[in-house]
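Below is one structure; the comments refer to it alone.
The values are calculated or read from the model by the stated rules, or taken from the named source; none is laboratory data. Source: prediction; values computed, not measured. Methodologically, a virtual Cβ is constructed for each residue, glycine included, from the backbone with ideal geometry; neighbour enumeration extends over all protein chains shown. Please note that ligands, DNA and RNA were not included when accessible areas were found on the heavy atoms of the full protein model with its side chains. Shrake-Rupley method; radii C 1.70, N 1.55, O 1.52, S 1.80 Å.
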Amino acid sequence: MTDTSVGLPALSQSADHEAITGPSGRARTRRRLSRTLSRARWAEYRKLLSIAMEQEYAVLSLESWLADPAATAGSPLLLLRHDVDQSPQSALRMAAIEAELGVLSTWYFRWRTADPKVVGAIHDAGHAVGLHYETLTREVLKRGLTAADAPPLIPAARELLHRELVAFQERHGPAQSACPHGDTRVPGVHNGVLLLGQDWSAYGLRWDANAAMRAHALDVWLTDRSIAEGRWKDGLDPLDLLVDRRSPILAVVHPNNWVSGLSLWLDRARQGARHSDSDAPLLSRV
């Protein structure tokens, strides 16, 4: 969210927010049922990228653009960032579409979705990978605290995040950036505060994906949603943006928002059976 095959499969949006409900709870039931019965959107994603390329956009990984923002001067820009909040298998389907079109992107995995086979396949395909960290919100939730209790936890959370970043790279290889995960269970607590204003190199990074964007002017920050939530935040239509050649556009895309409802639930069941649905970090013992 914003704030098993080893290879990419052959080809043939973040945790869902619940609807605001009345006393009967019916709206919430409809929202959940709508997501569960929804179809996959892979053709829609392929169309999005294809139209961007037809409109002569430079479609870039967020990291590659941060490394050299002037490299594609003169071309409209579509920057791709993926937050793998749920369903790690859905990341492979999305990456396969990008491979078909010759596109690279930047992927951020939570501990619960950082399946070594999936992360390895994404990395081996040439994409950038990093940790979608949730250190502060996890500590607040674990201790049963609220946003008002969070500030004193920040120094210790920064130390813990440093250990998490080291552990992530030990397991999944080099990572140049990380990105904060937003958790709606603890409103008012923002993981990004941990690296905001910090020397990222002290954490083994070149960038924090959110904080680094403060130094750059974006035309549109485009965030996807599930079908049940209207496909795109704020009702934006990415195809209209592309036809109008708006630029730069940062597309924050969550693969789980594009998978079918059935596949999403099956993937959740597999994770639960493997006890891999925990947000706890896999830290080194040394």
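Summarised in one figure, the compactness ratio Rg/Rh of segment 33-116, Cα atoms and Kirkwood Rh, is 1.02.
Distance from the C-alpha centroid of segment 192-229 to that of segment 84-128: 19 Å, rounded to the whole angstrom. Against the empirical curve 2.2 N^0.38 Å, the C-alpha radius of gyration of segment 50-95 lands at a ratio of 1.36. Start at zero, step by 10 Å, and the Cα-Cα distances of segment 129-214 spread as 18, 53, 27, 3 percent across the bins. Distance between the modelled labels on L145 and D124, one decimal in nanometres: 4.2 nm (7 Å Cα→Cβ projection). Applying 1/(1 + (r/R0)^6) with r as the Cβ-Cβ distance of K47 and Q198 and R0 = 30 angstrom yields a FRET efficiency of 0.15. When the residues R46, R231 are ordered by accessible surface, computed with a 1.4 Å probe over the protein chains alone, the sequence from largest down reads R231, R46. Scoring 151-158, 249-256, 83-90, 123-130 by mean Cβ neighbours within 10 Å over their residues and listing the highest first yields 83-90, 249-256, 123-130, 151-158.
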